[in-house]
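Working notes for the structure below.
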């Protein structure tokens, strides 16, 4: 009897330990994700300072063209907004850290704080997008003496966009860890294709980080000739563009899932979202293809740089392949969601092929000539008989 009681007590203790481990783990994951948000918010503030200082070298230089200075001033002014966004996100994240200690009691406030954080990050991304024209002006028109400032501004804006995307990712991690995220699971082939697209996009993000890190060894090494460093920097900068496009694909997939759960009601929206994903994937391919010369030129370097060049080369081509696979999965997803349209497309193609074949046979010149000759021959025979 005593042994039985001991066994029951031990069993209950084990169950309680296992049960208590889950919320602790979830709380720990949420806390780590919030810390990441806070760290990235501080990075936004740092980037705003870089943008602020570098743009002054162009905006305040009276020897430069007025339009160029105006473009520099526009980017300069944006640095203040980026700083304010970073500070607002940090304030919300600090508050979120406290709220997350008791997620059940503070669920509504946590949701509000997370929404605020993601809205601020989206605001930063929209701001950066709006500066494309001004940045292009600065990059194209800055004289050689100011190219260093122009490149620094471009790098800082690209990095700011990457940081904003990371903030959104970590905010979503907090949602998932605390069980606040709405989960949509697609069944059948559609679910398989969406999951595959998501996995591919996540891998592209990781590979873009590989390119980013590996090319730094080439771009930042002052022992190398400037030409080699420029090639490394060219590919290095492309990694930011690729990462942002992959993050955009993941965002589209998140928006696509609930739409695809009811494909008939959301047909237009589903197809638009698949089209957006396809465009982002093509953008990745085009971006990397445009730097093909640089990617292959750095392979001429000797060790220890060659290892970094080869790692970069392999990552670039793997990303190109995976972006193409995302496009193909998108086509398969549409076919799975709308099989009737796929069948109609096949029937139309088959019908057109058969009609073309029949038309070709009936209009064959040799056949008409043979019939004409046979007619003449028959007429001659009839004439001779008479």
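Using the average count of surrounding beta-carbon atoms within 10 Å as a protection proxy, the listed peptides 147-158, 215-226, 244-255 rank, highest first, as 244-255, 147-158, 215-226. Counting other Cβ atoms within 10 Å as a rough exposure proxy, the listed residues 180, 256 run 180, 256 from fewest neighbours to most. With all pairs of separate Cα atoms included, segment 122-250 yields a Kirkwood hydrodynamic radius of 17.0 Å.
Using the number of other C-beta atoms within 10 angstrom as an exposure proxy, rank 114, 207 with the fewest first.
207, 114
Relative contact order of segment 185-340, taken over Cα pairs closer than 8 Å and 6 or more residues apart, is 36 percent. Please list log₁₀ I(q)/I(0) at q = 0.18 Å⁻¹ for segment 1-181, using the Debye equation with identical point scatterers on the alpha-carbon positions. Result of the Debye calculation: -1.00. Three semi-axes describe the equivalent ellipsoid of segment 255-348; taken as square roots of 5 times the Cα gyration tensor eigenvalues and ordered largest first, they are 39, 13, 10 Å. Among 28, 198, sorting on how many other beta-carbon atoms sit within 10 Å of each Cβ, with the fewest leading, yields 28, 198. Taking all C-alpha pairs of segment 235-302, those more than 20 Å from each other amount to 44 percent. Evaluating kT/(6 pi eta Rh) at 10 °C and 1.306 mPa s, with the Kirkwood radius of segment 196-287 over Cα pairs in the Stokes-Einstein relation, gives 109 µm² s⁻¹. Remark on segment 185-340: hydrodynamic radius 16.4 angstrom, per the Kirkwood mean of 1/r across alpha carbon pairs.
Between segment 85-132 and segment 30-53, how far is it from one alpha carbon centroid to the other, in angstrom? Cα centroid of segment 85-132 versus Cα centroid of segment 30-53: 12 Å apart.
Coordinate-derived values only; no laboratory data. What you see is a predicted model; the values in this text were computed from it and never measured. Neighbour counts run over all protein chains shown; Cβ positions are idealised from the backbone, glycine included.
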